[in-house]
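See structure below.
The values are calculated or read from the model by the stated rules, or taken from the named source; none is laboratory data. These numbers were taken from a predicted model, which means no experiment stands behind them. Here the Cβ is made from the backbone with ideal geometry for all residues, glycine too, and neighbour counts use every protein chain on show. The protein model used for the area step is the full one, side chains on, heavy atoms only, and it has no ligands, DNA or RNA in it. Shrake-Rupley method; radii C 1.70, N 1.55, O 1.52, S 1.80 Å.
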Amino acid sequence: ASFPLLCFRSPLVAPLIFPVSLQAPFTQPSTITQPNFVLLLADDLGIGDVGCYGNDTIRTPNIDGLAKEGVKLTQHIAAAPLCTPSRAAFLTGRYPLRSGMDAVNDYRVIFWNAGSGGLPPNETTFAKILQHQGYSTGLIGKWHQGVNCESRNDHCHHPLRHGFDYFYGMPFTLISDCQPTETPEMDRAFRRKLWLSTQMIGLITLTAVLGRLTGLVSVRWRTLTCLAAFSLLFFISWFSSYGFVRYWNCIMMRNHGITEQPMVTDRTTSLILRESISFIERNKHKPFLLFLSFLHSHTPLLTTEKFLGRSRHGLYGDNVEEMDWMVGQVLDAIDKEGLRETTLVYFASDHGGWLERQEGGRQLGGWNGIYKGGKAMGGWEGGIRVPGIFRWPGVLPAGTVIDEPTSLMDIYPTVVHLAGGEVPQDRVMDGRDLLPLLRGAAAHSEHEFLFHYCGVHLHAVRWHQKDTGAVWKAHYMTPIFSPPGAGACYDRGFCQCFGEGVAHHEPPLLFELSQDPSEAKPLSADTEPLFDAVIRKIGRAVEEHRRTLTPVPEQLSVSNVVWKPWLQPCCGTFPFCWCDKEGDN
């Protein structure tokens, strides 16, 4: 159920990395006034799932073409190993705990459209700055940054409140519950406990009633009535949310209006592609930002019939190949409108592939190549190292490979500066402008240290020692794999960030990634003469980093993530929420 490691070639092979400083001069970006931006972000795609990163069994010719015509980053790092915090960092250019978008508990993502947590209104996204620079800004696809705060229609976390002129897609995220034929995915273990508790309470109530009727138990009818009422209320309290996940979470919106509740998954892919191309066509005469946030390749792996059975890796491979085709369709639309030379295209994934996602012997999650770990693991490379590709013909040198530490947070200052805007000066920004590195004007990334969080817990730190080229990585905590040695947390479905699910390391586990990208051989003071000096250097960086953190409201606290019926987006009269406006059209 996994792809052979032999199919993957390490992106760190030195002969493949050409010194960008030797590239011929290209067009100065200043001569192109306000380029268009098309940002393509895959969901749960592993770095090992893409051809240009070493996979020779899943066909991704369009993504590979972007790398051939542009710049490929081999050490592109997500700020978090899960959707909600990673995307918050991408949009704000800041570590997610700075905006309260990382978790102190086990609820590490937004769980309901009707929760009150989300990307705070006081955060400034790159879309908002581009909007002020005269750009048309559109988000097509997945949001997963919250919807409402206090009422059903306040839309305080909605994309239109965060700098997007146009939104079409899911305010939540794709989950298996959205597909009626699939096994429910959301909070599966907790739901089982609720069902078991309901059955036990019901059995106790029924036993007491039968005992009273047969005279075996002396219980007052009033007591039995209260017990029965409690049983009913307990059932209603959880089934009103978990029993209707498909209606509450699996919805499609256009701007503030709901178009499908629940979504009709058979046509979702075609609608997202149509909306993306339409946005490009509508805005071709002025600068625009299109953020195409794919629902691929998250379970339940919505795949149209013409792609089913085409790949060598089952439904997951089919889904990735369909996403690649969608990338090609968007690139064709850019070419058709004559925008190729004036459009910066970026492709990445929000975090690593989900190793534990299996069903009936089928592997439904991605693969992370030579890198250890995956989705939900904040420290290991497989959870955070993702594809990162830029294409801008005439400005960025084609066929370039850069092995410098970069981050999804870097998109923020890069896009803002190219649009003629200024990054906010009233807050700590963690992203760095990538353009000098991408063009070959700079030999090294501006990142000396990158901090790898799992929730709000610091699991690892990367230090790029620029004078030697070494990339040191210290792990303070690592997840305990289950079963032991399995490379993932198959018994749980997700690895934990804290508590009994992690191992603490003192001294930290230390790896030198340029020599050991798979993190297979931890160094020690006996094997590495610089061990103590490196650990001290990283320790001082952690102390300095922590001084930049300030307390903020926790957007993913239990009180913010629970389902609140008064916040539920509804296209009818609550609780009768149903509509299909796309079908009506």
Task: Qualifying positions in the stretch 72-94 - on the phi < 0 side of the Ramachandran plot and either in a loop (DSSP other than H, G, I, E, B) or open to solvent by 10 Å² or more (accessible area, probe 1.4 Å) (or both) - done: 72, 78, 79, 80, 81, 82, 94
Open item on the list: Can you list residue pairs whose Cβ atoms sit under 7 Å apart, with the first residue in the stretch 47-71 being assigned to a loop (DSSP other than H, G, I, E, B) and the second being crowded, with 24+ Cβ neighbours inside 10 Å and polar (S, T, N, Q)? Count only pairs 6 or more apart in sequence or on different chains.
Closed with: 50/60
Task: Of all residues making up the stretch 510-530, the number that are assigned to a strand (DSSP E or B) and open to solvent by less than 40 Å² (accessible area, probe 1.4 Å) - done: 3
- [ ] Go through (1) in contact with a helix residue (DSSP H, G or I) (Cβ under 7 Å, 6 or more places away or on another chain); (2) open to solvent by less than 10 Å² (accessible area, probe 1.4 Å); (3) closer than 23 Å to residue 447 by Cβ and name the single condition residue 406 misses.
- [x] (1)
Open item on the list: Quick check on residue 223: is it more than 30 Å from residue 106 (Cα to Cα), of a type in the set (Ser, Thr, Tyr) and in a helix (DSSP H, G or I)?
Closed with: yes
TODO: With respect to residue 435, determine if the residue is more than 24 Å from residue 517 (Cα to Cα) and crowded, with 20+ Cβ neighbours inside 10 Å.
DONE: yes
TODO: Scan the stretch 402-439 for residues that are at negative phi, more than 23 Å from the chain's Cα centre (by Cα) and not aliphatic (A, V, I, L, M) and jot them down.
DONE: 417, 421, 422, 424, 425, 426, 427, 436, 439
Open item on the list: Condition check: on the phi > 0 side of the Ramachandran plot, in contact with a Lys or Arg (Cβ under 7 Å, 6 or more places away or on another chain) and not hydrophobic (A, V, I, L, M, F, W, C). Does residue 399 satisfy that?
Closed with: yes
TODO: Would you mind stating whether residue 383 is of a type in the set (Gly, Ala, Ser) and either more than 30 Å from residue 108 (Cβ to Cβ) or open to solvent by 10 Å² or more (accessible area, probe 1.4 Å) (or both)?
DONE: no
Open item on the list: Going residue by residue through the stretch 37-53, is there one that turns out to be among the β-branched types (Val, Ile, Thr) and modelled with pLDDT under 60?
Closed with: no
Task: Which listed residue is assigned to a helix (DSSP H, G or I) and in contact (Cβ under 8 Å) with a residue 12 or more places away in the chain, from 292, 271, 232, 301 - done: 271
- [ ] Find the strands (runs of 3 or more DSSP E) located wholly in the stretch 442-499 whose residues include 2 or more that are over 22 Å from the mean Cα position of the chain (by Cα), and list them.
- [x] 457-465, 470-479
Open item on the list: modelled with pLDDT of 95 or more, part of a helix (DSSP H, G or I), in the same structural domain as residue 279 (by the TED database) and polar (S, T, N, Q): which single residue out of 368, 319 fits that description?
Closed with: 319
Task: Criterion violated by residue 73 - all others in (1) more than 25 Å from residue 390 (Cβ to Cβ); (2) more than 14 Å from the chain's Cα centre (by Cα) satisfied - done: (1)
Task: Per-region count, the stretch 533-557, residues surrounded by 12 or more Cβ atoms within 10 Å (Cβ to Cβ) and either without any contact (Cβ under 8 Å) to a residue 60 or more places away in the chain or of a type outside the set (Ser, Thr, Tyr) (or both) - done: 13
